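In what follows, a structure is listed as structure tokens, so that the remarks can point back to it.
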Amino acid sequence: EYILAHVLGHKVFSLVSPLARNLTAEERTRVWELCEKRMDRMPIQYILGEWDFRNLNLTMRPPVFIPRPETEELVEHLWFHLQEDLYREEDDFDILEVGCGSGAISLSLLYEFPEAHCTAVDVTKEAVELTKHNAKRLSLNDRLEVKQMQFNTSVKFETKFDVIVSNPPYIWTQDMETLEQEIVGYENHCALHGGTDGMGLIRDIIHTGHRLLKPGGSVWLEVDPRHPDMIQTYLNNHLQYQLQLTGVYHDFNDRPRFCCLELLE
């Protein structure tokens with residue numbers, strides 16, 4: 001249905017009139033070409049070349065990670081947090097996104113908060129290029145800086161941030177082999193695999209958070225349901241990082257998937 005609607009110039013099949021004309025030969029050929037890609041297990045987002053994320057329509061290209069509905073929930077929780085935080089004196093605020101992929105998180109926040117400025121980083125050239133493309137397409141590039149870099153414990157930035165947000169690679173090594181073919185066959189594995197316990201990049205973010213955040217700043221993470229307890233244990237054993245786990249939020253399947261860590265003052 002998505003493919004047919006796409007060929008006919010609609011987002012969803014329900015918008016196609018039941019009295020619509022028959023497909024032309026060219027349209028039938030195009031539908032079949034796209035259906036063959038789907039039969040090869042290519043994700044529908046790559047086939048259509050676009051996908052909606054909250055209030056935005058984003059260009060999608062393989063092998064850049066496809067944003068999931070759960071990540072929209074992460075942005076929703078952060079949205080409420082920022083709404084409450086905007087009563088402070090400062091007019092502008094700075095956000096760092098680690099692992100930007102298509103730019104979904106940063107661009108959603110820029111769209112919804114005109115006073116926000118974002119720095120988005122990713123290790124892959126493809127993700128950086130796609131984020132820049134989506135930002136320009138949505139006229140949000142004037143408040144966004146995109147960098148290709150390996151985020152680790154030695155990273156440095158010219159500014160400090162009010163918020164660090166990330167949907168990091170958090171899949172455990174043992175779980176990688178259980179992923180569906182649509183994922184392992186097309187999406188970049190470095191956006192998925194988080195190491196033996198899925199905590200590789202999460203630890204780096206925690207390690208650097210205290211020196212990258214402004215006073216009162218916070219870290220927002222999308223994680224595996226096993227991670228909140230592990231993060232709490234890690235923080236208990238590393239008090240020097242000056243972060244406190246202040247919130248664990250559940251996804252629509254009632255799994256603990258989102259963590260808020262706040263900088264101790």
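Only protein atoms count toward the accessible area here, which uses a 1.4 Å probe; on region 45-119, the carbon and sulfur part of that area reaches 47 percent. For residue 161, nonlocal amide neighbours, meaning residues 5 or more places apart or on other chains whose placed amide H falls under 5 Å from its own, are 213, 214. Which entry in (1) 157; (2) 126; (3) 142 is this structure's computed volume of the Cα convex hull per residue in Å³? Checked against the structure: label (3). A convex hull fitted around the alpha carbon atoms of region 181-265 yields 111 Å³ per residue. Calculated accessible area for the chain comes out at 51 Å² per residue, all protein chains present (probe 1.4 Å; ligands, DNA, RNA ignored). Length available on full extension from residue 235 to residue 44: 0.36 nm per residue minus the Cα-Cα distance, which gives 64.8 nm. Between the helical axis of 125-137 and the longest alpha-carbon principal axis of the chain there is an angle of about 80 degrees. Inter-label distance, residue 55 to residue 91: 2.0 nm, where each label sits 7 Å from its Cα along the C-beta direction. Placing unit charges on each Cβ (+1 for Lys and Arg, -1 for Asp and Glu) gives the chain a dipole about its Cα centre, and among 198, 127, 106 the Cα reaching farthest toward its positive end belongs to 127.
Centroid-to-centroid, using Cα positions, region 42-78 and region 206-242 are 26 Å apart.
The count of lysine pairs in the chain with alpha-carbon distances below 25 Å, taking only pairs 8 or more places apart or on different chains, stands at 18.
Helical content of the chain, expressed as a calculated mean residue ellipticity at 222 nm, amounts to -10500 deg cm²/dmol (DSSP H runs of 4 or more residues, -39,500 (n - 2.57) each, divided by residue number, nearest 500). Think of each Lys and Arg Cβ as +1 and each Asp and Glu Cβ as -1; about the Cα centre, that makes the dipole of the chain roughly 700 debye. For residue 250 and residue 25, a Förster radius of 51 Å and the Cβ-Cβ distance give a FRET efficiency of 0.50, rounded to the nearest 0.05.
Once you sort the root eigenvalues of the Cα gyration tensor of region 70-165 as a ≥ b ≥ c, which label holds: rounded (a/c under 1.5), prolate (a/b larger than b/c) or oblate (the other case)? Judged from the Cα gyration tensor, region 70-165 comes out prolate (a/c at least 1.5, a/b above b/c). The DSSP beta bridges internal to the chain are antiparallel in roughly 45% of cases.
The values are calculated or read from the model by the stated rules, or taken from the named source; none is laboratory data. Small disclaimer: the values here were computed from a predicted structure and weren't measured. Heads up, the Cβs are rebuilt from the backbone with ideal geometry, glycines too, and the neighbour counts pull from every protein chain shown. For the accessible areas, the whole protein counts, side chains as well, though only heavy atoms, and no ligand, DNA or RNA atoms are used. Shrake-Rupley method; radii C 1.70, N 1.55, O 1.52, S 1.80 Å.
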